[in-house]
Amino acid sequence: MAKTREPQEDVINDKAMPLMEHMMELRNRVITCVVTFILMFMVCYYFSGQIYAFLAQPLADILAAQAGTGADRRMIFTQLYEAFFTYLKVAFFGAVFFSFPIWSTQIWLFVAPGLYRSEKRAIRPFLIAAPILFIAGAALAYYFIFPLAWQFFISFETPPGGGGIPIQLEAKVSEYLSLVMHMILAFGIAFQMPVVLVLLCKIGVLDVQTLRKGRRYAVVIMFIVAAIITPPDVISQVGLAIPLILLYELSIIAARIIAPKPIDRDEDEDKAKA
């Protein structure tokens, strides 16, 4: 009896709706996303100076710790409009980051009524894990990688009085923002690997045995990916590759728990035929 009731309970919680009503609903949700982005952009632009100062804090801390020279250090821009466009970029990235929960919620509310209950239950864990992993990757880049990498790059400065021409960093605001956002996005997106691997195992494209057998190749691929998407320094590359290897191992454990068991499915088919 349980086998006959399960398909009946796994229904789509949706009512019949004409095409025009679906289009109207889609339009309203798109308008909600656009309005949210515009509001977040305005707020982020108002606080763009504080946001940029937060992003530049790891570099400021290192410069301030250099034998009392931090008070004389600065960041520069070489074009009249460079600082203005940099703050626009800060506001844009901030608006995307803070409005993303609204976007994802609107997409889910539009798509969810057309899904079966079992499909909703299968997707929800991935929807929760994806933003958490992205924030974890961004936090790793900001709080751990940035101080180490910036310290490494600053070490190539040549102080005055050393018998040669002094070499000192005067970072451009636009180039620093591009580097910071590139690394934050790289770490955040790279940390989505467990979501992708477990989801592929969930739908049957991959299995746990394949992940285990491909462990050695995965390690090599992760170091190659880390070398491509991070600056050309060993600290950033290793700092990304090692967490990815750990996440790969966690993906194997999660896939073993979440992914369907082929043997159990075959047994269920045999019982259904009987």
Worksheet item: Which value results when the Cα radius of gyration for segment 63-204 is divided by 2.2 N^0.38 Å?
Response: 1.49
Item to complete: Express in whole angstrom the spacing between the alpha-carbon centres of segment 186-255 and segment 119-180.
Response: 20 Å
Worksheet item: Percent of alpha carbon pairs in segment 127-241 separated by more than 26 Å?
Response: 35 percent
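Computed from the coordinates by the stated procedures, all read-outs in this text should not be read as laboratory data. The structure presented is a predicted model; accordingly, all values stated were derived computationally and were not measured.
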